[in-house]
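> Quick one: structure below, then a few questions.
Computed from the coordinates by the stated procedures, all read-outs in this text should not be read as laboratory data. Everything numeric in this text was worked out from a predicted model, so none of it was measured. Glycine also receives a Cβ, built like all others from the backbone with ideal geometry; neighbour counts cover every protein chain displayed.
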Amino acid sequence: MSNSIPFISDQQVSEALDYRSVAAVLDEAFASLAAAGAAVHRRQRTDCRHLRLSTMGAVWADRGVGGVKVYPTVRGQFSFSILLFDLASNRPLALLDGNELTRLRTAAITTLVASKAAAQRPRKLALFGTGLQGRAQADALCGWFGFEEIALVDPAGDAAWGQALAVRTGSRVAFTTAEAAVRDADIVVTATRSSTPVFDGAWLAPGAFVSAIGTSTPKGRELDDATMDRAGRIIVEWKPQSLEEAGEVVLWPGQSANSPFIDLPQLYAGEAPWRPAGPAITVFKSVGIGLADVAVAQLAVSRILHAGAQP
Ligand SMILES: NC(=O)c1ccc[n+]([C@@H]2O[C@H](COP(=O)([O-])OP(=O)(O)OC[C@H]3O[C@@H](n4cnc5c(N)ncnc54)[C@H](O)[C@@H]3O)[C@@H](O)[C@H]2O)c1
């Protein structure tokens, strides 16, 4: 028997997983976190000159696995890997490429939270940023909701991709200005690398759901003070990490002890309803936490290794 650790490539992850199954495993993992069947640690970032290494990890005791995602940042680009352990045998289960897994889980978490906390029949999606993450956000959301209209905002937008999205989804799709996109949008997603706000929160329609996934450092933010001031609820993945990392929170002068922050473990524990009554705006600020990576890695390992697809 070989003692080498199985390796799972991005391509295998891409072939084995889809947004719905990723959203489903995230749903289970956050329910575990709420019930102390999982635990997560804050991201650790280590900087030396212009180089950075980041680690984030979790134990999912309910599934008997634990692991860590590790990635360098070089010239602004990430290269994700995940090491997953079986905690019953105390042996490594697999080393996974983490790029595809990160793309899938980041899109799936917006869809999961929107499916519970956004208006039930959203008509219009506004998407800022149509790069790697933005495209995944659109695909995952369109697999769940049937939008009549998708408004795209990106100075480097690719018209051919927009047209292909329209064909795939049957929605009206167009690149437009930030204001035209946000006004009357039910769901607004920001998936850019911008470190300054990408729209004016005064434009948001009552009851809008905003998911900001695009920055996870305290020095940058995609959402402005008006959006944060207007939010009746600000959902984050996990307060101990999110409130320290999110520039939307750290740079917001209106932040106070009464700010309406709530995290996913609180919502899964039933401390408050997912959809409060009334026309307030809901913000979901995602920075990405290690539990999501461990949960999706566990799903990938169970599908790929148990399916015998491992080379
Ligand atoms: N929350 C998470 O868990 C998580 C996970 C992975 C990546 N991210 C973040 O997602 C962001 C996007 O990553 P990516 O790989 O898709 O980047 P990318 O470079 O592929 O795409 C970013 C896109 O945003 C566009 N853009 C820039 N400024 C804009 C603006 N003001 N308005 C509209 N569009 C604008 C760019 O033209 C580009 O097309 C990064 O900041 C990354 O750190 C977050």
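> Which of His306, His41 comes first, and how do the rest follow, when ranked by fewest Cβ neighbours within 10 Å?
Numbers: His306 9, His41 16.
With the fewest neighbours first, His306, His41 line up as His306, His41.
> Which net charge results for the neighbourhood of Gln12, defined as the other residues with beta-carbon distances under 10 angstrom from its beta-carbon, given Lys and Arg at +1 and Asp and Glu at -1? Write down the numbers at each step before the final one.
Numbers: positive: Arg303; negative: Asp10, Glu15, Asp97, Glu100.
Local net charge: -3.
> To continue, here is another question. Could you tell me which trypsin sites (Lys or Arg not before Pro) in region 54-108 are loop residues by DSSP with no more than 15 other beta carbons within 10 angstrom of their beta carbon? The partial results should precede the final answer.
Details: sites: Arg63, Lys69, Arg75, Arg103, Arg105; in loops: Arg75.
Answer by residue number: Arg75.
> Here's a follow-up. Say each of Arg45 and Ser259 gets a label point 7 Å from the Cα, pointing the same way as Cα to Cβ; how far apart are those two points in nm?
So the two model labels end up 1.7 nm from each other.
> While we're on this one: For the residue pair Ala277 and Ala119, what label-to-label distance in nm results when each label sits 7 Å from Cα along the Cα-to-beta-carbon direction?
Placing both labels 7 Å along Cα→Cβ, they lie 1.9 nm apart.
> I've got another one for you. Over all directions, average the projected area of the Cα convex hull of region 118-288 and note it in nm². Please report the intermediate quantities before stating the final value.
Values: hull surface 36.6 nm².
That works out to 9.2 nm².
> Right, here's the next one. Please report the net charge: other residues with Cβ closer than 15 Å to the Cβ of Ala300, K and R +1, D and E -1. Before the final figure, lay out the partial values.
Values: positive: Arg20, Arg63, Lys69, Arg103, Arg105, Arg303; negative: Asp10, Glu15, Asp18, Glu28, Asp86, Asp97, Glu100, Asp293.
Charge balance near Ala300 sits at -2.
> Another question, then. Would you kindly state how much longer the chain becomes between Leu87 and Ala174 on full extension, computed as 0.36 nm times their sequence separation minus their alpha carbon distance, in nm to one decimal? Could you put the intermediate results ahead of the total?
Working: separation 87, 0.36 × 87 = 31.32 nm, distance 4.85 nm.
Taking Leu87 through Ala174 to full extension adds about 26.5 nm, to one decimal.
> So if each residue of separation counts as 0.36 nm, and I subtract the Cα-Cα distance between Asp200 and Glu244, what length gain in nm does that give?
13.5 nm
> Moving on. Roughly how many nanometres apart are two label points built 7 Å out from the Cα toward the Cβ at Ala160 and Thr217?
3.2
> Could you name the lysines in cross-link range of Lys239, using Cα to Cα under 29 Å and dropping any fewer than eight places away on the same chain?
Straight-distance partners of Lys239: Lys69, Lys116, Lys219, Lys285.
> In addition: Roughly how many whole Å is it from the C-alpha centroid of region 125-143 to that of region 215-238?
Region 125-143 and region 215-238 have Cα centres spaced 19 Å from each other.
> Which of Pro206, Ala34, Gln12 sits closest to the plus end of the dipole of the chain, meaning its Cα is farthest towards the positive end, when Lys and Arg get +1 and Asp and Glu get -1 on the C-beta?
Selected residue: Gln12.
> Compute the signed sum of charges (Lys and Arg +1, Asp and Glu -1) over the other residues within less than 11 Å, Cβ to Cβ, of Glu222. Mind dumping the intermediate values first?
Working: positive: Arg193, Arg221, Lys285; negative: Asp224, Glu248.
Result for the neighbourhood of Glu222: +1.
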